[in-house]
Amino acid sequence: MATLTSAKRLVIKIGSALLVDRSNGALRKKWLEGLAEDVAWLKSLGIDVVLVSSGSIALGRNALDLPATDLALEQSQAAAAVGQIQLARAYEAALAPHGIKTAQVLVTLEDSANRRRYLNSRATLAQLLKLGVVPIVNENDTVATDEIRYGDNDRLAAQIALTTGADQLILLSDVDGFYSANPQNDPTAQRFETIDDITPEIEAMAGEGVSGLSKGGMITKIFAAKTATAGGCAMAITEGSVSRPLNALESGANATWFKAQVTPQQARKRWISSMKPQGSVHVDDGAAAALGRGKSLLPAGVSSVKGEFERGDPVELISANGRKLGQGLCAYSAVEARAIKGRQSSEVENILGYSGRAALIHRDDMAL
């Protein structure tokens, strides 16, 4: 069974029902302070932490005296706009006493569906984590409409786990794991300790949630688990309402763990390898040798660029003798790649007119 302290990078999803008091719509400040202690403890162990937090609509709805249910789209978006400020301030206030900086990251489904936006999101989150910041991620409900929505933060959390290369995803829930039936309705329901494979039978056991504040039921958690585990990320569902829920999980609190099918790195390489290349980048012998040592591809090692592609598109990597070395996601369009091929990374800004990325294809975006 996985342990939190064995993780290198954790994504933790917090639902509205944990963060916002159902009776009065107010922030559960003491609970949030306990979560902040957990985050500080994990970071003291050298573990990267990303928080995916619901709550903006619930907080904004209370501030604007809007109805508790059945909000129109424009009302939900207005509530989100107000609540996002409150949510960001709340996390900042809770984590600052521990010397932890926070950042607000708002995303929509388009940001992961579009490869260019995906690469931008991935690079931004990677830089924040490198700087020791805890990103607070939420769906951008202010602008998202149905066709560009995740719809629930369970699936958003799974996508963020893959985007950041996390090895564990923790869903803090109103239940202490995945059961064979709804335990509130069926006293014979059994909790699973671990699930190795999400079968149709497991999916059929998933029922809807009972919370009046959160949108996601157990079925959305199963969808999240399928996404996460296929991408190399183990996932746990555990009771989140207790004080310091992550410390409780590490100490043996009830949970259901879904086992990762591969490592995050293997999953990403498979994904990149499965794409249809939109062009090719030909490299010299020195660059080919550097790639073999696990290095990124720099513009200086590129001899020619074939095809038409945009930033984020997959391209083949071809050696000087015409052998395919692999493929990767290019950080530049074909036009830009041709302009900077054979040049030093320090020259890119003068050539393109803006400061681009040092690597044409980063080693994390490459499958050889």
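Computed quantities for the displayed model
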quantity	calculated
Residue count for segment 304-357, restricted to those that are aliphatic (A, V, I, L, M) and either within 26 Å of the chain's Cα centre (by Cα) or within 14 Å of K276 (Cβ to Cβ) (or both)	3
Residues of segment 225-239 classified as surrounded by fewer than 22 Cβ atoms within 10 Å (Cβ to Cβ), of a type in the set (S, T, N, Q) and either modelled with pLDDT under 95 or not in a strand (DSSP E or B) (or both), total	1
Within segment 15-45, tally of residues that are aromatic (F, W, Y) and farther than 20 Å from E250 by Cβ	0
Test: S274 is modelled with pLDDT of 95 or more and surrounded by fewer than 21 Cβ atoms within 10 Å (Cβ to Cβ)	no
Qualifying residue in segment 282-294 (condition: modelled with pLDDT under 90, under 30 Å from S319 (Cα atoms) and of a type in the set (A, V, I, L, M))	no
Within segment 41-88, tally of residues that are outside any helix (DSSP H, G or I), polar (S, T, N, Q) and surrounded by fewer than 20 Cβ atoms within 10 Å (Cβ to Cβ)	1
Neighbours by Cβ (under 6 Å, 6+ apart or cross-chain): first from segment 177-190, in contact (Cβ under 8 Å) with a residue 40 or more places away in the chain; second assigned to a loop (DSSP other than H, G, I, E, B) and surrounded by fewer than 16 Cβ atoms within 10 Å (Cβ to Cβ)	G177/N254
Residue count for segment 240-270, restricted to those that are of a type in the set (A, V, I, L, M, F, W, C), touching a residue at least 40 places away in the same chain (Cβ under 8 Å) and part of a helix (DSSP H, G or I)	3
Hits in segment 89-124 - residues which are in a helix (DSSP H, G or I), modelled with pLDDT under 95 and of a type in the set (A, V, I, L, M)	A113, L119, A123
Among the residues listed as I222, I195, the single one being more than 29 Å from A68 (Cα to Cα), aliphatic (A, V, I, L, M), more than 14 Å from the chain's Cα centre (by Cα) and at pLDDT 90 or above	I195
The one condition in (1) without any contact (Cβ under 8 Å) to a residue 60 or more places away in the chain; (2) over 30 Å from L162 (Cβ atoms) that L45 fails to fulfil	(2)
Pairs where the first residue, in segment 154-167, is outside the structural domain of I219 (by TED's automatic domain parsing) and in a helix (DSSP H, G or I) and the second is crowded, with 23+ Cβ neighbours inside 10 Å and at pLDDT 95 or above, C-beta under 7 Å, 6+ apart	none
Output for segment 226-269, where each listed residue is of a type in the set (V, I, T) and out of contact with any Phe, Trp or Tyr (no Cβ under 6 Å at 6 or more places or on another chain)	T227, T238, V242, V262, T263
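The values are calculated or read from the model by the stated rules, or taken from the named source; none is laboratory data. Only a predicted model underlies this, so the values are computations on that prediction, with no experimental measurement involved. Positions of Cβ are backbone-derived with ideal geometry, glycine not excepted, and every protein chain shown enters the neighbour counts.
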